[in-house]
Structures are given as C-alpha cells and as structure tokens.
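Laboratory data are not the source of any read-out in this text; all were calculated from the coordinates shown. Computed from a prediction, not measured in an experiment: that's the story for all the values here. Note: ideal-geometry Cβ built from the backbone for every residue, glycine included; neighbour counts use all protein chains shown.
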Amino acid sequence: MRRSCPHCCESIDALARTCPRCQGTVPGTWTRTRSVLHVVANLAAVVFFLHVLTRGHQFSWNDPDVELDDLQLVVETREGRPYFVVLGHLDNRGGSAVAWPMVDLQLLDADGRFVDSLSGEIYVTVPGRQRVSFRVEGPATTTERSPLSVEGRVLRARVPF
C-alpha cells in the first residue's frame with residue numbers, strides 16, 4: 001500500500017516515517033504507534049507506582065514485637081446478658097510501626113481455668129517503641145462460670161508502608 005508524501009507529493013510506502021526523496025517526516029502511522037507506545041509506557045509506570053505505593057497496604061502479616069500490658073476485665077450486663085470489656089495497652093517494643101494487631105484474649109476464672117475468649121483486630125496503628133491504649137468488647141458465649149481475669153497475646157499485626 002502506498003500514499004503521497006505531504007511535502008513533495010512523491011509516492012511512498014504507507015508505513016514510511018520519512019520520505020526517501022525529500023527526507024521530510026511523514027505523519028501518520030508512526031505518530032499513532034508512538035502515541036500507543038506512550039500510553040502503554042505511562043500505564044506501566046502508573047501500575048508500577050501504584051504497586052510501590054500500595055505495597056504496605058497489601059498488609060503483609062508479621063509476628064510483631066508487640067505485647068499486651070495492664071489488662072483489665074470489666075463484666076457488664078447488657079440487655080440481661082453478660083458482656084465483657086477488656087481494657088489495656090499495646091506496647092510496641094520494635095522500631096517499626098504496626099497496624100491492626102490481631103489479639104487473642106483468654107478470660108479465666110478464679111482457678112485460672114478458661115471461661116471464654118475474645119479475639120479480633122484492634123483498629124489502631126502502634127508507632128515503634130510506643131504504647132497505645134485499647135478496648136475490646138463482646139458478649140459472653142457462656143454463662144457457666146464468671147471470669148475474673150484475662151490473659152492475652154498479639155497473634156500478628158500488619159506492617160504499614
């Protein structure tokens with residue numbers, strides 16, 4: 001397939017970027033190809049930067065150096081049923097911040113036997129080498145024995161970027 005050069009009107013190949021007679025640049029296919037290449041390159045750059053920026057938000061789980069301190073158990077009655085509230089501190093002993101620590105709290109009776117448990121994520125970010133207060137609450141799943149104390153541990157936490 002052929003076309004005319006816009007500068008000298010010579011018949012040239014349709015895919016030519018320059019005219020062989022006048023050496024003029026021929027707009028058309030190359031410009032479109034270059035535009036497509038720019039779009040693809042820009043899209044790849046956006047995907048790369050989004051990956052880099054959101055890498056922390058993929059929230060890789062780790063075993064953090066975070067401990068639970070000063071745990072206190074409060075037993076309330078809501079709508080005629082026992083309801084547990086655990087108050088305490090998250091103590092981050094590591095140098096990096098952690099987010100949304102997953103905790104497992106064991107509620108114990110006077111003899112230290114398991115009565116009930118509360119577990120879940122605490123929606124807080126704990127900066128490195130700092131403490132933050134937390135509160136976890138939930139309804140009792142059993143009413144056979146009344147818990148008097150609580151023990152707990154941090155199972156894992158997310159590492160923000």
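Other residues with beta-carbon under 9 Å from the beta-carbon of Asp69 carry, at +1 per Lys or Arg and -1 per Asp or Glu, a net charge of -2. Each label was represented as a point 7 Å from its Cα along the Cα-to-Cβ direction; for Glu121 and Thr77 these points are 3.6 nm apart. Taking the Cα atoms of the chain, the ratio Rg/Rh between the radius of gyration and the Kirkwood radius comes to 1.54. Assuming a ≥ b ≥ c are the square roots of the Cα gyration tensor eigenvalues, decide whether the stretch 76-161 counts as rounded (a/c under 1.5), prolate (otherwise, with a/b larger than b/c) or oblate. Cα axes put the stretch 76-161 in the prolate bin. Unpaired cysteine residues in the chain (no second Cys Cβ under 4.7 Å): Cys9.
Working note: Karplus 6.51/-1.76/1.60 with θ = phi - 60° gives the stretch 106-116 the couplings 9, 8, 10, 8, 4, 8, x, 8, 4, 10, 7 Hz, where Gly and Pro are set to x. With a 10 Å cut-off between alpha carbons and a GNM built on the chain, which of Leu148, Leu37, Leu71 moves the most? Checking each option, the largest mean-square fluctuation is seen for Leu37.
If you stretched the chain out fully between Leu37 and Cys9, how much longer would it get, using 0.36 nm times the residue separation minus the C-alpha to C-alpha distance? Intermediate results must be reported in sequence, preceding the final value.
Working: separation 28, 0.36 × 28 = 10.08 nm, distance 2.85 nm.
Extra length available between Leu37 and Cys9 comes to 7.2 nm.
For Ile12, the amide hydrogen comes within under 5 Å of the amide hydrogens of Arg3, Ser4, Cys5, counting only partners 5 or more places away or on other chains and with H modelled in the peptide plane. Model label points for Met1 and Arg17, set 7 angstrom from Cα along the Cα-to-Cβ axis, are 1.9 nm apart. Relative to the longest principal axis of the Cα atoms of the chain, the long axis of helix 29-54 lies at roughly 10 degrees.
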